[in-house]
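Enquirer: The structure under discussion is supplied below as C-alpha cells; questions concerning it will follow.
Coordinate-derived values only; no laboratory data. Computed from a predicted structure; not experimentally measured. Cβ placement follows ideal geometry from the backbone for every residue including glycine, while neighbour counts extend to all protein chains displayed.
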Amino acid sequence: MSTFLGPSDLVGISFWLVSIAMVASTVFFFYEGMFVKASWRTSMVVAGLITLIAAIHYYYMRDFWVNTETSPTVYRYIDWLLTVPLQMIEFYLILLAVGAKISVYAFWRLLLGTLIMLLGGYSGEIGWLSPGLGFTIGMFGWAIIIWEIFQGESSKAANKNPFVKQAFNALRFIVLIGWAIYPVGYIFGFLTPAVGMGDVSGDLFQNSLNIIYNLADFVNKILFGLIIWNAAVRDTLGTSKKLKKS
Ligand SMILES: *C/C=C(C)/C=C/C=C(C)/C=C/C1=C(C)CCCC1(C)C
C-alpha cells in the first residue's frame, strides 16, 4: 500500500476520475448558470453546489481508499447527507421556477424519506444494525421519496410548464432508476454471501461496493445537473424566441 495511486487499482482510478469530473462539472454549472433565464439560476447554482460538495468529499475518499483500500464510509455518508437534501430542494426549485403552488409539507416528506434512507443504510454499513435490517429501513425511506414524487403533491404541481414537466420527468427517472444503483452496490457489498465465492478477505465486496457507488454518484450528480441545465437552456431560448416575435 502506498500514498500514490497504483496503476492496477481500478477502484482507486474510479475515485480519481469521479473526483475530477465533479470539479469540472462544478465550474460548468456555475458558469452556465449565468446565461439562463433568471428563474433557473438558483437551480443551476444548487446543481453546482451538489457537485462542489461531492468534489471535496471525493478528494478525501480517494486518498482514504488509496491509503487503506477500505471503504470511506463516513465521508460517503456525510456527502450524501448534504447532497441528497439539496437534490430534494432542486425538485422544489424547478417547480417554483414556473410559479407552481406547492406546500412546504411536500418538502418535509422528501426530507424525512432522505433521513430514514441514509440512517438505515449507514447503520447497516457500520454495524449499528444488521446489514439486512439497515437495508430494509433504507429501502423504506427511498419508497417515501418515490411515493411523493410519483403520487404526491409534488407530482401534480409539475404539469404547468412543458420544460419543467420535461425536467421533472427526467428527475423522477433519476430517482427511480439512477438511485437504484445504490442499493445494488449495497447488496454486492453487504448482502452477498462470501461463502463459495472464494473471497475470504472480502476485497471483492469492498471493490464492488465502491466502484458501484462511484458510478452511481457520477450518474446522479452530474447527469442530474445536466438535465436541469438542458431544461434551463431550452426554456431560456424558447422564451427569447417568443419575445422576438411579439
Ligand atoms: C449524490 C448522492 C446520492 C444521490 C445518493 C443517493 C443514495 C441512495 C439513493 C441510497 C440508497 C440506499 C437504499 C435505498 C437502501 C439502503 C442503502 C442505501 C443507503 C445505499
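Enquirer: Can you return the aspartates and glutamates within cross-link range of residue 221? Criterion is Cα-Cα under 20 Å, with same-chain partners fewer than 8 residues away left out.
Expert: Partners within reach: 32, 79, 90.
Enquirer: Using Cβ contacts closer than 10 Å as the measure, can you line up 109, 62 from fewest to most? Intermediate results must be reported in sequence, preceding the final value.
Expert: On the way: 109 20, 62 24.
Ordered by Cβ neighbours within 10 Å, fewest first: 109, 62.
Enquirer: Taking the dipole about the Cα centre of the chain, with the C-beta of Lys and Arg at +1 and of Asp and Glu at -1, give me whichever of 13, 108, 39 is farthest to the positive side.
Expert: The one lying farthest along the dipole's positive direction is 39.
Enquirer: Which of 224, 190 comes first, and how do the rest follow, when ranked by fewest Cβ neighbours within 10 Å? Don't jump to the answer; show the numbers that get you there.
Expert: Working: 224 22, 190 17.
Taking fewest neighbouring Cβ atoms as first place, the list is 190, 224.
Enquirer: Mind checking the angle between helix 181-190 and the chain's longest principal axis? C-alpha axes, 0 to 90 degrees, to the nearest 10.
Expert: 10 degrees
Enquirer: Right, next: I need to check one value: relative contact order of the chain, counting alpha carbon pairs closer than 8 Å and at least 6 residues apart, in percent. The partial results should precede the final answer.
Expert: Numbers: 287 pairs, mean separation 55.2, N = 246.
Computed value for the chain: 22 percent relative contact order.
Enquirer: What is the packing order of peptides 71-77, 42-48, 173-179, taking the mean over residues of other C-beta atoms within 10 Å and listing the highest first? Before the final figure, lay out each step's value.
Expert: On the way: 71-77: 19.1, 42-48: 22.1, 173-179: 16.3.
Per-residue mean Cβ counts within 10 Å order the peptides as 42-48, 71-77, 173-179.
Enquirer: Let me ask something additional. Assuming R0 = 25 Å, what is the FRET efficiency of residue 82 and residue 112, from their Cβ-Cβ distance, to the nearest 0.05? Could the numbers behind the result be given before it?
Expert: Numbers: r = 17 Å, r/R0 = 0.66.
Taking R0 as 25 Å, the efficiency between residue 82 and residue 112 is 0.90.
Enquirer: Working from Cα positions, state the angle (0 to 90°, nearest 10) between the long axis of helix 104-126 and the longest principal axis of the chain.
Expert: With rounding to tens, the tilt is 10 degrees.
Enquirer: Stretch residue 27-residue 140 to full length: gain in nm at 0.36 nm per residue minus the Cα-Cα span?
Expert: Values: separation 113, 0.36 × 113 = 40.68 nm, distance 3.51 nm.
Contour length minus Cα-Cα distance gives 37.2 nm.
Enquirer: Please report the orientation-averaged projected area of the chain, defined via the convex hull of its C-alpha atoms, in nm². Don't skip to the end; give the middle numbers.
Expert: Values: hull surface 56.8 nm².
Hull-based average projected area comes out at 14.2 nm².
Enquirer: Same structure again: So how do 9, 79 line up by other beta-carbon neighbours within 10 Å, fewest first? Before the final figure, lay out each step's value.
Expert: Numbers: 9 18, 79 22.
Ordered by Cβ neighbours within 10 Å, fewest first: 9, 79.
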